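Report on the structure given below.
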Amino acid sequence: MKILFIHVEVQSYSSGHEIFGERMFRYFYRIWDKFRYKNKDRSEIVAAAIYTYKGNSGKDKSYVYKLPELENEILIYNFKTIDVEKIELENISDDNPIKLVFKMAKSLLETGARDEDIYEA
C-alpha cells in the first residue's frame with residue numbers, strides 16, 4: 001500500500017529572496033528521509049505552497065542549490081504553487097475538501113491578515 005503525503009504550506013506574506021523555496025525543500029527532505037528512507041516506505045510525496053497575499057514578490061516555485069565555483073546547478077527542487085489571488089471558488093466543487101482551505105486563504109487575502117495576527121488572536 002502506498003500513501004500520498006501532501007505538505008501544504010500557507011504563506012501570507014512575502015519573505016526574503018529564496019528563503020521560502022529553501023524552507024519548502026527542507027520540509028520535503030525531512031518527510032522523504034523519515035518515510036522513504038528510514039521506514040522503507042515508497043509512498044509519494046507532494047508539496048504545495050498556497051500564497052495568500054497580493055503581488056508576485058517572494059512567490060517562489062522552486063529552490064536551486066548552486067555553488068559559485070560550478071557552472072551548473074547541483075539541485076533543483078520544484079513544488080506546486082497556488083496563488084489564492086487567482087482562484088475562483090465558484091469553480092471548485094463543494095465536495096472538494098481543500099475548498100475550505102482555499103476559503104480561509106481567500107479570507108486572509110481579503111483582510112490582509114498575516115500569520116502573526118492569526119496566532120496572536
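The values are calculated or read from the model by the stated rules, or taken from the named source; none is laboratory data. Nothing here was measured: the structure is a model prediction, and the numbers come from that model. Because the Cβ atoms are built from the backbone with ideal geometry, glycine has one as well, and the counts that use them run over all protein chains shown.
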### Task
Examine the stretch 79-89 for a residue that is closer than 30 Å to THR111 by Cα, out of contact with any helix residue (DSSP H, G or I) (no Cβ under 8 Å at 6 or more places or on another chain) and in a loop (DSSP other than H, G, I, E, B), and state whether such a residue exists.
yes
### Message
Based on this model, can you work out whether GLU116 counts as at pLDDT below 85, of a type in the set (D, E, K, R), over 17 Å from TYR27 (Cβ atoms) and surrounded by 13 or more Cβ atoms within 10 Å (Cβ to Cβ)?
### Response
no
### Task
Those residues that are more than 10 Å from the chain's Cα centre (by Cα) and closer than 18 Å to LEU109 by Cα, I need them from the stretch 34-78; list them, please.
THR52, TYR53, LYS54, GLY55, ASN56, SER57, GLY58
### Query
Which of the residues spanning the stretch 33-79 are over 18 Å from GLU22 (Cβ atoms) and aromatic (Phe, Trp, Tyr)?
PHE35, TYR37, TYR53
### Message
Tell me whether the stretch 42-57 contains one or more residues that are modelled with pLDDT under 80 and assigned to a helix (DSSP H, G or I).
### Response
no
### Query
Restricting to the stretch 69-78, what's the tally of residues that are assigned to a strand (DSSP E or B) and either over 21 Å from TYR51 (Cα atoms) or touching a helix residue (DSSP H, G or I) at 6+ places or on another chain (Cβ under 8 Å) (or both)?
2
#### Entry: Neighbours by Cβ (under 6 Å, 6+ apart or cross-chain): first from the stretch 69-96, of a type in the set (S, T, N, Q) and surrounded by 13 or more Cβ atoms within 10 Å (Cβ to Cβ); second modelled with pLDDT under 90 and not in a loop (DSSP other than H, G, I, E, B)
THR81/ALA49
